[in-house]
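Here is the structure we will look at.
Only the coordinates and a few stated rules stand behind these numbers; no lab work does. Here the structure is a predicted model, which is why all the values come from computation and not from measurement. Positions of Cβ are generated from backbone atoms using ideal geometry, with glycine treated the same way; all protein chains shown enter the neighbour counts.
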Ligand SMILES: [Zn+2]
């Protein structure tokens, strides 16, 4: 697998493992090489990190129960 073979859609699939440091050496290197030439994926990665940073600061009580249910429902639908 070379960085040129890696599509942005595949990058999106791998980003969770990348952030969890769960990629193998070749996948990690290929991911990093793709980031070097793809500004869209760099932006996406930056947004994911920012989202995770903000979510980490939230407590369960910070979210309105209706908003929480709406979000959980959206996540459930997205996983199907
Ligand atoms: Zn890309």
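Compute the long axis of helix 8-19 from its Cα atoms, compare it with the longest principal axis of the Cα atoms of the chain, and write down the angle in degrees, 0 to 90, nearest 10.
Rounded to the nearest ten degrees, it is 70.
Based on Cα positions only, what radius of gyration and what Dmax would you give for the chain, in angstroms?
Expressed in Å, the Cα Rg and Dmax of the chain come to 15.5, 45.
What is the helix-to-structure angle for 39-56, meaning the angle in degrees between its Cα long axis and the longest Cα principal axis of the chain, kept from 0 to 90 and rounded to the nearest 10?
Helix 39-56 and the main axis of the chain meet at about 30 degrees.
Using Cα atoms only, what is the angle between the long axis of helix 65-79 and the major principal axis of the chain, expressed in degrees (0 to 90) to the nearest 10?
So the inclination is approximately 30 degrees.
Mind checking which of 27, 67, 50 has the largest fluctuation in a GNM of the chain, springs on alpha carbons under 10 Å?
Among 27, 67, 50, the largest GNM mean-square fluctuation belongs to 67.
So for the pair residue 58, residue 28, with labels modelled 7 Å out along Cα→Cβ, what separation do we get in nm?
Output for this residue pair reads 3.0 nm.
What distance in nm separates the two pseudo spin-label positions at residue 10 and residue 71, each 7 Å out from Cα along the beta-carbon direction?
3.3
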